[in-house]
Each structure stands twice: as structure tokens, then as C-alpha cells.
1. Sticking with the crude label model, points 7 Å out along Cα→Cβ, report the distance from Arg36 to His175 in nm, one decimal please.
2. Output wanted: per-residue J couplings in Hz (rounded whole) for region 172-182, from phi through Karplus 6.51 cos²θ - 1.76 cosθ + 1.60, θ = phi - 60°, x for Gly and Pro.
3. As a test, work out the antiparallel percent of DSSP beta bridges whose residues both lie in the chain, rounded to the nearest 5.
4. Compute the FRET efficiency between Lys144 and Ile101 as 1/(1 + (r/R0)^6), taking r as their Cβ-Cβ distance and R0 = 35 Å, and round to the nearest 0.05.
5. If I model a spin label at Leu151 and Asp2 as a point 7 Å from the Cα along the Cα→Cβ vector, what separation in nanometres do I get?
6. How large is the helix-only mean residue ellipticity at 222 nm for the chain, computed as the sum of -39500 (n - 2.57) over DSSP H runs with n ≥ 4, divided by its residue count, in deg cm²/dmol to the nearest 500?
7. So I have (i) 79; (ii) 61; (iii) 69, and one of them is percent of Cα pairs over 20 Å apart calculated from this model. Which one is it?
8. Could you check the spin-label model distance between Ala47 and Arg132? Points 7 Å from the Cα along Cα→Cβ, value in nm.
Amino acid sequence: MDEDTEVWFEALSGRAAEDRRGAAREAHALRAAMLRQRAPDTAPARARDASREAALLERARRAGLIPPRRRSRPFTWERLGSWPALGLYTALACSVLVAAILWRSPRPAEVVRGAPEKIVTLRASDPIALKRALLGELRAAGVKARGYERLGVEGIDADLPVPVPARVRAVLDRHHIATPADATLRVEIVSTAP
């Protein structure tokens, strides 16, 4: 910046500056004129006028600044057969169909047997022979029994009839098995051989 410009800015800001060529005199005159000028009054905010807004919007539409407003068509039965309506009907029908299929589909029953505390443990030198004998006796007494082998341990799973008949109780007593309270018999046979 040159020296005259600096002098002019300092005079305009109100600071004293030495004036060699009269640059400060102009800046002082401009500053005095600006200070005499009153600050503009702020106009009070107008209350919202809906009719004035509507008139302005309509004027803008007529001038082509805003696209014309679409008029809503009244309801007709022909509109129910239009493509968008048919798409809506199809989506609705598919949703109802899927909901009905999911609601009606049978869920596989989850069978959970008793906890390990309810398993009766027997010890035998030949677990397989004892399992076959016990299965035969229970089936002869009218009980649906099933044998299994799990991790090297022979076992029997049976649902006893309620109330437990005397012939079934006799088979359980003969093998020193207590009658289960919930009519679910689980027996595991462990080998006594090392």
C-alpha cells in the first residue's frame, strides 16, 4: 500500500494522520458525513397475512415462476383399476398370503427330556446284556422303551403309562429302580469292568 492510501485509511478510521497532499481532508469529510447519517429504522415485523401470501403465489404462477398447481381429481371407480392401484392390490395380497403361511405353518415340536439329575445309573459287568434284558422286560410289560448308546454308555429311555401298572413296578423293583414321578424313565448302564 502506498503512503497516501495509509493516510486516507487512518483518517477515515478517526486516527490523526499527517496530511501532506490533502488525502486526509477527504477521509475526514467522508467520515463526518457517515456519522451524520442516521441508522435506518428497522421495520416492525409484519404479522403473517395468508391472503397476501396466496395473492403473491398466484401472481408468481401467472408469471410462470412457479409451475401451476395440479388439481386433485375426484374419486372415480376407474381409478381403482389403474396400474398403481393394481400394484398396490398385488403387494397387499402377497403380504396377506405370506402372513397366513407363516402363521399356519406347523412348528416342529421341540422334545426336551429330563435333566441329568433324573437319570438312574446302574452298574453291570456287561452293560449291553443288562440293557437288552431290561428293554425286553419293559416291552413285555407294555412300555414303549428305546435303547441308545451315548459316548460309550448304554442307556434306556422310556415313557411309562400313568398311573404306573403293577407289572411295570415289579420290573423296576427287580432292578432296584425307583418309580419316576414324571413317568419318564431314563436309565444309563455303566460298566464295572476297568
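Coordinate-derived values only; no laboratory data. What you are looking at is a predicted structure, and each value in this text was computed from that prediction instead of being measured. No Cβ is skipped: glycine too gets one built from the backbone with ideal geometry, and neighbour counts run over all protein chains shown.
1. Placing both labels 7 Å beyond Cα along the Cβ direction yields 12.3 nm.
2. 5, 5, 4, 9, 6, 10, 6, 6, x, 6, 9
3. Working: 13 of 18 bridges.
About 70 percent, rounded to the nearest 5.
4. Values: r = 34 Å, r/R0 = 0.98.
Between Lys144 and Ile101 the formula returns 0.50.
5. Modelled inter-label distance: 10.2 nm.
6. Numbers: 6 runs with 83 residues, N = 194.
It comes out at -14000 deg cm²/dmol, rounded to the nearest 500.
7. (i)
8. Between Ala47 and Arg132, the simple spin-label model gives 10.5 nm.
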